[in-house]
Amino acid sequence: MNFESKIKTIEWIDNISRMIDQTILPYEFKTVDIKTAEEMYKAIKDMIVRGAPAIGIAGAHGVSLAAIELAKNIKDKNDFIKALEEKALYLKSSRPTAVNLQWAVDKQMQLAKSINTSNVNEIVCALKENGKKLENEDIEINKKIGDYGAQVVPKGATILTHCNAGALATVGYGTALGVIRSAYAKDPTIKVFADETRPRQQGARLTTWELTQDGIPTTLITDGMCSYFMSKGMIDMVVTGADRIAANGDTANKIGTYTVAIAAKYHNIPFYIAAPLSTIDISIKSGHEIPIEERSKEEVTHINGNWICAKDVNIINPGFDVTPHSLITGIITEKGILKPDFTHSIKSILV
Ligand code: MRU
């Protein structure tokens, strides 16, 4: 049985948001039930749920949870919307880089404001339904991304990926790993190299866990090894996910992606981004405007709770970097593969 058909990474069930706890994988598999907007804020911030599309759905569920709570005490529609706006802003502030969070929370708020009713309970019902709808659509979108992406995977290719853009980063199936899943279904001779992805090790902990469960041959390498294997002719293609894509195609993704893209360009290896259209932020012209999350020093100084460096060394820990559009071969979306000039192809697909 495929991993992606067993369980959703995040799912709305009976007024709670149930999610896989990604902080303890691959050692333990457990789900966590999130019952309030405050719990959701913490779950996103602490990366119990992570990955741009998954935190988008978490944000949508967070708005539904906030609405359920507020409707217990606020019956006036205007007061209710005002209080919900505050909760929406709070949820959006949990992580700054992935635009899917803002996108999904804004979708919920647009819906809440547009419903023609004075009964706040009707708004709550609509938000719950819409959160569930966005959740289900995410899987469909990823399967389309997978199908388009599989068309550009060469026969028998070895594909390098960075971080985790799999079922765990989405509701199911994955974006970059969705491309790999769809390609593997057609050609079981393809193989994957997964970067470890320091400091949170999403590649080692999550990508290898997901792919090996699906029986997809996967080799784990550390982040510094990609150029070595490229120079040996052992990588045919790179595909990664994205957290935010600017109007010119510049793409923010997990720290280290930029290095992989430079190495791929040098070795003449195609470098693809796989992401839903909700990851494109048309409001920003270039990657310079993408806010980069700075995460805690402990992510760098510790591994599994153990110090790994001198105690008084300086630490900087940006969670993401921006790959300039000039290094990107194509952006695989649910509506097709965007090619350079990205300013033009992005604009035409979004209208
Ligand atoms: O910090 P994370 O784990 O939430 O970051 C996620 C990523 O950057 C992934 O690489 C991914 O490509 C984006 S989500 C499909």
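The values are calculated or read from the model by the stated rules, or taken from the named source; none is laboratory data. Everything quoted here is computed from the prediction, not taken from an experiment. Here the Cβ positions follow ideal geometry from the backbone for every residue, glycine too, while neighbour counts run over all protein chains shown. To get the accessible areas, we keep the full protein, side chains included, count just its heavy atoms, and leave off ligands, DNA and RNA. Shrake-Rupley method; radii C 1.70, N 1.55, O 1.52, S 1.80 Å.
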Mean ellipticity per residue at 222 nm, deg cm²/dmol - from DSSP H runs of n ≥ 4 across the chain, formula -39500 (n - 2.57):
-12500 deg cm²/dmol
Run the reach check for Lys297 against lysines, Cα to Cα strictly under 30 Å, same-chain hits fewer than 8 apart removed. What comes back?
Lys30, Lys35, Lys42, Lys45, Lys87, Lys92, Lys254, Lys311
Have a look at Ile34, Thr97, Gly146 and report the one farthest towards the positive end of the charge dipole of the chain, computed about the Cα centre with Cβ charges (Lys/Arg +1, Asp/Glu -1).
Gly146
Which of Lys155/Lys347; Lys107/Lys191; Lys8/Lys335; Lys77/Lys132 have a Cα-Cα distance over 26 Å?
Lys155/Lys347; Lys107/Lys191
Cut-off under 17 Å on the C-alpha distance; same-chain residues fewer than 8 positions from Lys133 excluded. Which aspartates and glutamates are left, in chain and number order?
Glu11, Asp14, Asp106, Glu122, Glu334
In debye to the nearest 20, how big a dipole does region 200-285 give about its Cα centre with +1 on each Lys and Arg Cβ and -1 on each Asp and Glu Cβ?
200 debye
The chain pair-distance distribution - Cα-Cα, 20 Å bins, rounded %:
32, 57, 11, 0
Taking 0.36 nm per residue of sequence separation and subtracting the Cα-Cα distance, how much length would be gained by fully extending the chain between Ser118 and Asn136, in nm to one decimal?
3.6 nm
Tell me the carbon and sulfur percent of the accessible area for the chain, rounded to whole percent, probe radius 1.4 Å.
53 percent
With a cut-off of at most 12 other beta carbons within 10 Å, and DSSP calling the residue loop, which chymotrypsin sites (Phe, Trp or Tyr not before Pro) in region 1-94 qualify? Please list them.
Tyr27, Phe29
Where does the longest stretch of the chain lie that holds no trypsin sites (Lys or Arg not before Pro) found in a DSSP loop with 15 or fewer other Cβ atoms within 10 Å?
76-154
Principal axes of region 10-142: Cα extent on each, largest first, Å:
48, 29, 28
How much of the DSSP bridge set in the chain is antiparallel, in percent, rounded to the nearest 5?
55 percent
Dipole size in debye (nearest 20) for the chain around its Cα centre, Lys and Arg Cβ +1, Asp and Glu Cβ -1?
320 debye
Roll a 1.4 Å probe over the protein chains and send me the accessible area per residue for region 127-218 in Å².
32 Å²
When only DSSP loop residues count, what GluC sites (Glu not before Pro) in region 11-92 have their Cβ near at most 10 other Cβ atoms within 10 Å?
Glu28
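For region 31-99, what is the accessible area per residue in Å², given a 1.4 Å probe and the full set of protein chains? All intermediate terms of the calculation are to be shown ahead of the outcome.
Numbers: 2640 Å² over 69 residues.
Result: 38 Å² per residue.
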Give the dimensionless ratio obtained when the Cα radius of gyration of region 144-350 is divided by 2.2 N^0.38 Å.
0.99
